[in-house]
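See structure below.
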Amino acid sequence: MSTRDSEENSLSGRLSRYARVGANVGGVAARVAATRLFNRQGDDLSNAKALTEALGGLKGPIMKVAQLMATVPDALPPEYAEELQKLQSEAPPMGWAFVKRRMQSELGPGWESRFRSFDKTPAAAASLGQVHRAVSLGGEPLAVKLQYPDMQSAVEADLTQLQVLFALHRQMDTAINTSEIFKEIGARIREELDYGREAKHALLYADVLKDEPLVRVPGVHKELSTRRLLTLGWLTGNKLLTYKNHPQEDRNRISEAMFNAWWLPFSRYGVIHGDPHLGNYTVFEEDGRPGGINLLDYGCVRIFPIRFMGGVLDLYHGLLENDEARLVHAYETWGFKNLKKELVEVLNIWARFIYGPILDNRVRTIADGVKPGEYGRKEAFQVHKELKKKGPVTVPQEFVFMDRAAIGLGGVFLHLEARLNFYELFNRAIENVSLAGVERQQREALAAVGLTAAL
């Protein structure tokens, strides 16, 4: 069987993955069920650690799903979220002999002649693929991302097992209905398998951010890319956390670049980068000082219907002006159902937390006095407690990555102890924005790179 054939969503591939993932996840699920059955409350943390060890031992896409779940507030019990955040997406790299076969499968015989040089050792290895440094025939440094084999089968098997965990959670905790969360995660993970789509995302962001000096987007080399191979320009930069002890001015500049990289594309084109974790960007320097960020990965980009963006703006103005009717309209626009007054009040707890910094017209930290690992914990706990009494609530599918981006960015701002006027940054981003204008710009920008708008 050829390498390409082995990458189809094969029955044998799925069954093999089911066996490995299912044994680990099923064993932990049984432990969790026994804990709740016999009311041994103190065992929750040990069960969470067991789940982390089980998933970490498997590597692959289930780790990406688990990390993602850990950043969606209240999708998992807090002790599980805390443990899953410790997972590191460091899958064992493919050896050189295997890489050569994979590269030949994607680019054909003589593929090495299409590069001036190609590093045998990967520069990075993650859950779905690994990155090699290379140099083009024209002398440009390149980042070549090569997908691991049989990832489609692995993703489908892992998502099936995720349903087991979600079903278990729903039986034991009825505050949040996670069905729509699962749909969204499945859709985004499946999109990440298509490197052709990721190339289009990178081209989209290059256009959207072309006038933003604080953010750099790598160029796409279409002639060296396929559905499972993506070649981008290599952007030189340093890890963000190396700047934690730099002067406030440097940390603020990096943080402003992060804010612009996420919110300018959303406010003007209705698209957002759904994966703001530390491995997806580096800091470039100018004259020995931070100049901004390199945005490196485009697998998880969410294209929103314009009505969803309208809900974001309605919620902002509703909170700013204490307009209850506008708040309810915003939640309904997003897809929340059965919005009784008590439920709206619970949703407002979370909304005021997420929107708090951009409602406050002053220079401040993102959440004064809150440690990075505790950002949003108090509010999530309060929301969960109230939903147990007044819920359940079904979290709409489109809400998931918007919320995740806000939490992820907040964590970065906390790490850097940024002091900015987030109100000014946000209002600058939405200045002169009309939904009709955004719809037109989105349609034109997507068409230019071969993508379609969300319905």
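The values are calculated or read from the model by the stated rules, or taken from the named source; none is laboratory data. All values reported here derive from a predicted model rather than from experimental measurement. Cβ atoms come from the backbone with ideal geometry, glycine included; neighbour counts cover every protein chain shown. We work out accessible area using only protein heavy atoms, side chains counted, and drop any ligands, DNA or RNA first. Shrake-Rupley method; radii C 1.70, N 1.55, O 1.52, S 1.80 Å.
Odds and ends about this structure:
- Candidate residues LEU296, LEU409: accessible-area rank, largest first, probe 1.4 Å: LEU296, LEU409
- Accessible area per residue for segment 101-163 is 40 Å², calculated with a 1.4 Å probe on protein heavy atoms, without ligands, DNA or RNA.
- Where trypsin sites (Lys or Arg not before Pro) fall in DSSP loop in segment 274-370, at most 12 other Cβ within 10 Å: LYS337, LYS340, ARG362
- Centre-to-centre, using Cα atoms only, segment 183-224 and segment 384-444 are separated by 20 Å.
- Once the chain from LYS341 to VAL433 is taken as fully extended at 0.36 nm per residue, the excess over their C-alpha distance is 30.1 nm.
- Local electrostatic count at GLU184 - Lys and Arg +1, Asp and Glu -1, tallied over other residues with Cβ under 10 Å: +2
- For the residue pairs LYS183/LYS239; LYS120/LYS210; LYS340/LYS388; LYS337/LYS385, alpha carbon separations beyond 22 Å are given by LYS183/LYS239; LYS120/LYS210.
- Interchain or long-range residues, amide H under 5 Å from GLY291's placed H: PHE284, GLU285, GLU286
- With every protein chain in place, segment 248-296: carbon and sulfur % of accessible area (1.4 Å): 42
- Solvent exposure of segment 314-449, expressed per residue, is 49 Å² of accessible area, with all protein chains present and a 1.4 angstrom probe.
- Net charge of neighbours whose Cβ lies under 14 Å from the Cβ of VAL217, counting Lys and Arg as +1 and Asp and Glu as -1: -2
- Rounded to the nearest 20 debye, the dipole magnitude of segment 339-432 is 360 debye, with +1 charges on Lys and Arg beta carbons, -1 on Asp and Glu beta carbons, and the Cα centre as origin.
- For VAL99, net neighbour charge (Lys/Arg +1, Asp/Glu -1) across residues whose Cβ lies under 14 Å away: +4
- Of HIS329, LEU425, GLY450, farthest towards positive along the dipole that unit charges on Lys, Arg, Asp, Glu beta carbons give segment 327-455: HIS329
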